[in-house]
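Quick note: the coordinates plus some simple rules give every number you see, no bench work behind them. Note that this is a predicted model, so its numbers are computed, not measured. All Cβ positions, even for glycine, are placed from backbone atoms using ideal geometry, and neighbour counts span all protein chains on display.
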Amino acid sequence: METWHDLAMIIGGGITFVILGMALLVLWKIFRNDIDLEGLIQEDGKASLSRFQFLVFTFVVAGVFLLLSIESGTFVDLPNNVLILLGLSGGSYVVSKGISTSAKKAPPPEDGQ
């Protein structure tokens, strides 16, 4: 029984090391301006509330999940309500993007002739 626990800790530590390595690589590329964050929460040069809300809510849920998992030593279950809220957050971004895209493609209104 003890060996399974040790094996799980080694595998978990390896996965954590890989994820942290990727996170550090992304941060390094952002620092060197290899990854452009110019339009992260902008759309057509204007701030996008739906993008910002999706970004913040995702980071909050991921941070809380990570913190609870570290404290308990195992992955915790996400309640269905949180998954529904994540879906609504993503859905609001998709709907916003669809509305802005259709507004660009709409023909100009006729002047009554």
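Before moving on, here are some points about what is shown:
- Here the contact order of region 38-101, divided by its residue count and restricted to Cα pairs under 8 Å and six or more residues apart, works out to 33 percent.
- A convex hull fitted around the alpha carbon atoms of the chain yields 154 Å³ per residue.
- Straight-line cross-link reach from LYS46 at under 14 Å between alpha-carbon atoms covers these aspartates and glutamates, not counting any fewer than eight positions away in the same chain: GLU38.
- Phi angles of region 43-52 translate, via the Karplus equation with coefficients 6.51, -1.76, 1.60 and θ = phi - 60°, into HN-Hα couplings of 9, 6, x, 10, 5, 10, 5, 5, 5, 5 Hz per residue; Gly and Pro are given as x.
- GluC sites (Glu not before Pro) lying in DSSP loop within region 1-110, provided at most 10 other Cβ fall within 10 Å: GLU38, GLU110
- In loop segments of region 11-113 as defined by DSSP, the trypsin sites (Lys or Arg not before Pro) with at most 15 further C-beta atoms inside 10 Å of their C-beta are ARG32.
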